[in-house]
Amino acid sequence: MKITKIETFVCNARMRNWIFVKVHTDQAGLYGWGEATLEWHTRAVVGAIEDISQLLIGEDPTRVEHLWQMMYRQHFWHGNGIVRGTAISGIDLALWDIVGKIHGVPCHKLWGGAVRDHIRLYCHLGGGRMEDFYQTDPTDARRFGDLAQRAVAQGFTAFKSMAVPETMPLEGLRPLKYAEACVKAMRDAVGDDIDIMVDCHARPSPRMGLRFAKVLEPYGLYFFEEPCWPETIEDIALIQRSVSTPIATGERLVSQHAFRELLERRACSVLQPDITHCGGLSEARRIAAMAEAYRVALAPHNPQGPVSTAASLEFGFATPSYIICEAVLDDVPWRSEVVREGFTIVPEGRIVLPNTLPGLGIEIDEEAIKKHPFEQEVLLRSFYRDGSVGDW
Ligand SMILES: [Mg+2]
């Protein structure tokens, strides 16, 4: 069996262009779907996949690990940059999809079978409508409470918000009070049985990140995400040591080496590899094996398209330390028109039952994608009040 062609399909989904990867084989009707979505880098990733293709055309698609080693180590430059890592990931997902289809089983059965009966989903406040999640005015705590109640009314038992505002390297009480008011409004709105997460988007400096963590500690967050720049692991580790709130990070990191460092420095309680960036399911499984030894939980980053979600769920059904799946379901109203999924979402509690179809269990409608061709991603930038560049 040979790989004959690797195609990319770009589908504009407002905030991001979904990049779907289709790996073709010389067996009639046998192909795999992957996803390599990377906001504001769409052309670069499509080009990177084209560059990698020359390594893979004519190779046996079932030698997933061997092909992964080629993609990561050949062409001299290691595949640990975000563009190359994303390209490798998209192809790796498609290869696992092919292997599952060959054996007629969902991917999680290739990796030892289901380790749990269902997976809990968490949503973004506003369901993934970017205006609700990213642009809610942090001065409007009541709106945070209203959106939190809406998430619970939709059946979710956990949700994530961006309650920490854009913050200069050092500020006084103002942003801290804003964040506290928003989180208090959400907690008051939904009670203690619902899990609330706050994503800082690495907006704060290390010291401001620590202050936010301290202020929000009494509200019992399920986890507190990217409290400062991902490059500053010692600072993340300090915040992790300073509060009881579990710290989460990892969505911008590529390759096992970056995650090894997080674990060695006891920097977080939750690893958030992005399966479409970190090196695919192959690398995510290595990261999970390391995390297991440290008893650190996994909650992969997943705001992208439907193949990414299917991959996260297959991974979750085979990975004991996986705790929850991020789900963006309302980013575009036609999401279900471009994909057929093999898993079932139970509305009450928003839990997912395992996929029963081979591979990743998804089928992408190529005709439906054509209705949403590439568009330049919406420019989302941040500047502080003095005009200097901030972190979005
Ligand atoms: Mg995040």
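Each value in this text was obtained by applying a stated rule to the coordinates, not by laboratory testing. Bear in mind the structure is a predicted one, so any value in this text is a computation, not a measurement. All Cβ positions, glycine included, derive from the backbone under ideal geometry; neighbour counts span all protein chains shown.
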To the nearest 20 debye, the range 3-104 has a Cα-centred charge dipole, built from +1 on Lys and Arg Cβ and -1 on Asp and Glu Cβ, of 240 debye
Among D146, D365, D193, which one shows the biggest mean-square fluctuation in a GNM of the chain, springs joining Cα atoms closer than 10 Å? D193
Starting from the amide H of E377, placed 1.01 Å from N in the peptide plane, find each other amide H under 5 Å away whose residue is 5 or more places distant or on another chain. W40
Residue-wise, which Karplus ³J(HN,Hα) couplings in Hz belong to the range 375-392, taking 6.51 cos²θ - 1.76 cosθ + 1.60, θ = phi - 60°, and x for glycine or proline? 9, 4, 4, 4, 6, 10, 10, 9, 10, 6, 4, 8, x, 7, 6, x, 9, 6
Would you pull out the residues with amide H under 5 Å of Y122's amide H, same chain only if 5 or more places away, H placed 1.01 Å from N? C325, E326, A327
Sort 208-214, 56-62 by packing, meaning the average of other beta carbons within 10 Å per residue, with the highest value first. 208-214, 56-62
Calculated from DSSP helices alone, with each H run of at least 4 adding -39500 (n - 2.57) and the total divided by the residues of the chain, [θ]222 nm to the nearest 500 comes to -12000 deg cm²/dmol
Taking all pairs of distinct alpha-carbon atoms in the range 3-104, Kirkwood radius in angstrom: 13.5 Å
For Q27, residues with placed amide H under 5 Å, excluding near neighbours: K2
List the relative contact order of the chain as a percent without decimals, with contacts defined as Cα pairs under 8 Å and 6+ residues apart. 21 percent
Kindly provide the GluC sites (Glu not before Pro) of the range 286-388 that DSSP labels as loop, not H, G, I, E or B, and whose Cβ sees at most 12 other Cβ atoms within 10 Å. E348, E375
Computed over the range 298-389, Cα set: Rg, Dmax in Å: 16.7, 54
Taking only Cα atoms of the range 210-346, the Rg to Rh ratio with Kirkwood Rh works out at 0.99
Jot down the radius of gyration and Dmax of the chain, Cα atoms only, both in angstrom. 20.3, 64
How many percent of the alpha carbon pairs in the range 69-217 exceed a separation of 25 Å? 52 percent
Checking rank on 80-93, 7-20, with mean other Cβ inside 10 Å and highest first, the result is 80-93, 7-20
How big is the dipole moment of the chain about its Cα centre under a simple scheme where the beta carbon of each Lys and Arg is +1, that of each Asp and Glu is -1, and everything else is neutral? Debye, nearest 20, please. 520 debye
In Hz, Karplus ³J(HN,Hα) per residue of the range 109-123 (6.51, -1.76, 1.60; θ = phi - 60°; x = Gly, Pro): 6, 5, 9, x, x, 5, 9, 8, 8, 8, 10, 7, 9, 10, 10
Most fluctuating residue of A299, A153, A36 in a GNM of the chain with Cα springs under 10 Å: which is it? A153
In Hz, Karplus ³J(HN,Hα) per residue of the range 231-237 (6.51, -1.76, 1.60; θ = phi - 60°; x = Gly, Pro): 6, 9, 5, 4, 6, 4, 4
For M162, M70, what's the fewest-to-most ordering of other Cβ within 10 Å of each Cβ? M70, M162
Taking the Cβ of each residue in V346, V296, V164 as the centre, tally the other Cβ atoms inside 10 Å and list the residues starting with the fewest. V346, V296, V164
